[in-house]
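Everything on this sheet refers to the single structure shown next.
The values are calculated or read from the model by the stated rules, or taken from the named source; none is laboratory data. Everything numeric here is computed off the predicted structure, so don't read it as measured data. Please note: Cβ atoms are built from the backbone with ideal geometry, for glycine as well, and neighbour counts cover all protein chains shown.
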Amino acid sequence: MRIHPKKFRRPVEVAPLYRANLQIQAPEVRVIDENGVNLGVLPTAQAAAMAQERGYDLVEVDPRPQPPICKILNLGQFKYEREREMRKQKAKAKQVEVKGIRLSPRIGAHDRETRFRLAERFLEEGDKLRIEIILRGREKAHAELAKGVIQNFVKSLQEKYPLNIEQQIAVQGGQLTMIVGKK
């Protein structure tokens, strides 16, 4: 049974947390001031006091190196700009969906053409295709015929589009599936 797209919840993206001022745990930090000038390695308390005097926050922008890199800047504005950049990147990124096309071993010519046009539309939109056949009753004894139907369908799609086969024909119980995408 497939999960309905509206019932499927995508994980919520968590924005990275930035340590600021007295939350910074390193004893020494490399400090860059609000104009981008490197002030060198300073004790954390001294760097935080310097930022406070200037009316800014000391923000840990990269905790990985030793000592961590901190900048003197306005924390609220910094968070806002980072969030805005992430939103822009997310808007540019196309999320690829896997769309399903269901065939049957005894599919008629007109039904096959209809599914073919639907598959073309999905590939044009940049989505991947899951081509599936569900075998019922005595059809399970003739799985090779169902494989032939899927292979012929994919072959006719390959004549029009260069396809990348993501998953070969997989048999799970009475269900045959194959996943393809546009190159």
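Any residue at all in the stretch 172-182 that's surrounded by fewer than 16 Cβ atoms within 10 Å (Cβ to Cβ) and assigned to a helix (DSSP H, G or I)? No, every residue in the stretch 172-182 fails to be surrounded by fewer than 16 Cβ atoms within 10 Å (Cβ to Cβ) and assigned to a helix (DSSP H, G or I). Screening HIS142 with (1) modelled with pLDDT under 90; (2) touching a strand residue (DSSP E or B) at 6+ places or on another chain (Cβ under 9 Å); (3) not assigned by TED's automatic domain parsing to the domain that holds VAL59 gives one miss only, at (2).
Here are ARG112, ARG102, ARG121: which of them is farther than 13 Å from VAL180 by Cα, in contact with a Ser or Thr (Cβ under 9 Å, 6 or more places away or on another chain) and assigned by TED's automatic domain parsing to the domain that holds GLN175?
ARG112
Just one residue in the set ILE107, ILE72, ILE131 is in contact (Cβ under 8 Å) with a residue 24 or more places away in the chain and under 24 Å from the mean Cα position of the chain (by Cα); that residue is ILE131.
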